[in-house]
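For reference, the structure discussed in these notes is given below.
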Amino acid sequence: MAVLALLAAVSAITLEQFVQWQYGATGLIGLLLLTVGIKAKSPTCSSIGAVVLALMMTGPAG
């Protein structure tokens, strides 16, 4: 059980660092909103986080 918790924590930190490196602070805020929304079962918060991440991944329009 402890191994699974450790593995989950390492993968979460790795994902956060990748998003921070690739997309900057805005990407990290989007990931944070998505995570908090899912944990708090708040569809509004998770939707805002998902939209921010989607906009960051697709890049500028035009």
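Observations
- Odd one out for K41 among (1) assigned to a helix (DSSP H, G or I); (2) open to solvent by 90 Å² or more (accessible area, probe 1.4 Å): (1)
So that you can scan it fast, the table gives a plain yes or no per residue for (1) more than 11 Å from the chain's Cα centre (by Cα); (2) at pLDDT 85 or above; (3) of a type in the set (A, V, I, L, M, F, W, C):
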{"site": "A2", "(1), (2), (3)": "yes, no, yes"}
{"site": "A9", "(1), (2), (3)": "yes, yes, yes"}
{"site": "A12", "(1), (2), (3)": "no, no, yes"}
{"site": "I29", "(1), (2), (3)": "no, yes, yes"}
{"site": "K39", "(1), (2), (3)": "yes, yes, no"}
{"site": "P43", "(1), (2), (3)": "yes, yes, no"}
{"site": "G62", "(1), (2), (3)": "yes, no, no"}
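- Any hit, the range 28-37, residues being touching a Phe, Trp or Tyr at 6+ places or on another chain (Cβ under 9 Å), open to solvent by less than 80 Å² (accessible area, probe 1.4 Å) and either over 14 Å from M56 (Cα atoms) or among the small types (G, A, S) (or both): yes
- Residue in the range 7-23 that is assigned to a helix (DSSP H, G or I), charged (D, E, K, R) and touching a helix residue (DSSP H, G or I) at 6+ places or on another chain (Cβ under 7 Å) present: yes
- Neighbours by Cβ (under 8 Å, 6+ apart or cross-chain): first from the range 2-24, free of Cβ contacts under 8 Å to residues at least 12 places away in the same chain and open to solvent by less than 100 Å² (accessible area, probe 1.4 Å); second assigned to a helix (DSSP H, G or I) and of a type outside the set (G, A, S): Q20/L28
The values are calculated or read from the model by the stated rules, or taken from the named source; none is laboratory data. Values in this document were obtained by computation on a predicted structure and should not be read as measured data. All Cβ positions, glycine included, derive from the backbone under ideal geometry; neighbour counts span all protein chains shown. Each accessible area value is taken on the protein alone, full model and side chains, heavy atoms only, with ligands, DNA and RNA left out. Shrake-Rupley method; radii C 1.70, N 1.55, O 1.52, S 1.80 Å.
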